[in-house]
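The structure under discussion appears below in the form of structure tokens.
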Amino acid sequence: MRLYALCDQDMLDNKGVSLKSFLEIAKTKNAEILQYRNKNADIAFIKQQLIYIRKHYNGFLIVNDTYELIEFCDGVHLGQEDLRAIDEDIYKAVKIVRSVIKEDKLLGISTHSEEEVIQANEMDLNYIGLGAYRETSTKDDVSVVLGDSIEKIASKSKHPVAAIGGVRFDDKFNHITYHVIGSAMVA
């Protein structure tokens with residue numbers, strides 16, 4: 001299993017876990033990638049957190065949504081809604097983001113269906129997130145749970161696939177490169 005640790009600030013706050021503790025757990029679990037997600041803070045706070053993470057974590061650091069802060073990390077991850085907020089045409093949105101972050105940075109997007117995976121195959125991406133694999137209590141807006149169909153859908157991707165949503169350490173996959181684990185890291 002290759003680990004992609006999802007460090008969500010709301011989850012840390014709700015569970016009373018410090019960023020320092022989460023980073024220690026991520027290191028112990030050999031997380032190759034760490035995504036920092038904060039949907040509620042201002043950009044200055046997110047920047048401060050990215051700087052802290054960079055000082056204490058040596059893997060790939062991805063920021064969720066705030067691609068304006070790309071200079072402080074190795075890449076950006078965007079959801080479908082975030083892409084549409086940039087441009088209704090998601091292909092154009094990816095081109096806009098890529099023009100800002102440049103080719104030497106990682107770019108990933110969330111996908112939830114075979115159709116979205118096929119669309120992503122036409123985009124200049126480094127990976128896709130695919131899910132939700134199973135129901136999760138940490139996201140309120142999970143409308144699709146893929147379950148076992150995640151393998152079939154993942155096999156359609158030309159990009160490495162990170163399974164998202166309710167993924168556990170002991171899950172076994174054939175067509176998935178990364179297990180994205182957030183709250184289970186601190187359970």
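Once you divide the Cα radius of gyration of the range 70-142 by 2.2 N^0.38 Å, the number left is 1.12.
The charge dipole of the chain, taken about its Cα centre with unit charges on the Cβ atoms of Lys, Arg (+1), Asp and Glu (-1) only, comes to about 700 debye. Considering only Y52, Y127, Y67, the mean-square fluctuation computed in a Gaussian network model of the chain, springs between alpha carbons under 10 angstrom, is largest for Y52. When its C-alpha radius of gyration is set against 2.2 N^0.38 Å (N residues), the range 1-62 gives a value of 1.04.
Share of pairwise Cα-Cα distances greater than 27 Å in the chain is 21 percent (whole percent). Partners of K172 within straight-line reach, counting aspartates and glutamates whose Cα lies under 15 Å from its Cα and excluding those fewer than 8 residues away in the same chain: D148, E151.
Where a number appears in this text, it was derived from the coordinates with a stated rule and is not lab data. On a predicted model such as this, the values are computed, not experimentally measured, just so you know. Because the Cβ atoms are built from the backbone with ideal geometry, glycine has one as well, and the counts that use them run over all protein chains shown.
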